[in-house]
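These notes concern the structure reproduced below.
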Amino acid sequence: MKRVFTLLEKTLLGSPVQFTWQKTLGNFFAVTGADHTVKIFDRHGQKKNEINLPSNCVAMDWDKDGDTLAIIADKSSTVYLWDANTNKTSQVDSGMRDPMSILLWSKVGALLAVGTTKGNLLIYNRQTSRKIPVLGKHTKRITCGCWSTENLLALGSEDKMITISNQEGDTIRQTSVRSDPSDMQFSVMKTDERLSTRESTVSVVVGKKTLFLFNLNDPDNPIDLEFQQRYGNIVTYRWYGDGYIM
């Protein structure tokens, strides 16, 4: 492993740092601290752009091809979109009255999901500029989520509910959990009789102690993987191989 470059940005000192590499190509990465800006660098450490925000960055995410970086800021209703091909930034008014808390690009299309602190949802189509607002998807802050390869959207909230929606925002499945959900992922679960290769299982950490598995094809029988207290909190997990979890 060879160090390529080091960032010595004074504005990043003493503040929580977020960064994200461009998907697919990996030519750019975006980084932000507490100075209300998102800085975009190339892989050689040269700054390509700087996006000024009205407040601290809440979340950033690249679309599946790495063409567009989406950014949301605290107490702002605007979604900022940076185009990696033109090096230009555009703004989309979410129309949401409550602060945004999460954003997620689809794995397979141009759809961007934005969740809010009061449980509302916006699905934005980058190609057509169509917006689908979904009020009351949850009753409290949306804290985690993920898209499947079939364009299903899973969301978790402080209301201790998990919802599965289609790309129109319609809820097709939902279930409750015992504590706050986090680190949500879609996957194909390992079974003896594999019927399909679709991502039909949602996994989520519950209360930092339990891994909850929700099979969309068997919604009445979710699985709770509880770990002994001496193991401490779950920090992270990964699906790998033929439907196994590490």
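Nothing in this text is a laboratory measurement; each read-out follows from the coordinates by a stated rule. Small disclaimer: the values here were computed from a predicted structure and weren't measured. Cβ: placed from backbone, ideal geometry, glycine included. Neighbour counts: every protein chain shown.
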ask   = Pairs Lys75/Lys118; Lys47/Lys88; Lys2/Lys39: which exceed 19 Å Cα-Cα?
value = Lys2/Lys39
request  = Report the local net charge at Val4: Lys and Arg +1, Asp and Glu -1, summed over other residues whose C-beta lies under 14 Å from its C-beta.
outcome  = +2
ask   = Which value, in debye to the nearest 20, gives the size of the charge dipole of segment 10-179 about its Cα centre, when Lys and Arg are +1 and Asp and Glu are -1 at the Cβ?
value = 220 debye
key: Charge context of Arg141, other residues only, Cβ under 10 angstrom, K/R +1, D/E -1   = -2
query = What is the order of Tyr237, Tyr80, fewest Cβ neighbours within 10 Å to most?
reply = Tyr237, Tyr80
key: Anisotropy class of segment 197-246 from Cα gyration tensor, a/c 1.5 cut   = oblate
request  = Pairs of Cα atoms under 8 Å, at least six residues apart: use those to get the relative contact order of the chain, whole percent.
outcome  = 8 percent
message = Rounded, prolate or oblate, given the Cα gyration tensor of segment 73-171, with a/c below 1.5 counting as rounded?
response = oblate
remark   = In terms of the charge dipole of the chain, which places +1 on Lys and Arg and -1 on Asp and Glu at the beta carbon, the residue among Trp105, His44, Leu216 farthest towards the positive end is His44
Listed candidates [x] 129; [y] 154; [z] 121 - label of the one calculated as volume of the Cα convex hull per residue in Å³ = [y]
ask   = If you rank Arg3, Arg173 by fewest surrounding Cβ atoms within 10 Å, what's the result?
value = Arg3, Arg173
remark   = Between the residues Val188, Ile162, Ser148, the Cα farthest towards the positive end of the dipole of segment 140-194, that dipole coming from +1 and -1 charges on the beta-carbon of Lys, Arg, Asp and Glu, is from Ile162
remark   = Residue by residue through segment 160-171, the couplings from Karplus 6.51 cos²θ - 1.76 cosθ + 1.60 with θ = phi - 60°, in Hz, x for Gly and Pro, are 6, 10, 10, 10, 10, 10, 7, 6, 8, x, 7, 6
note = Most packed first (mean Cβ within 10 Å per residue), the peptides 143-151, 45-53 order as 143-151, 45-53
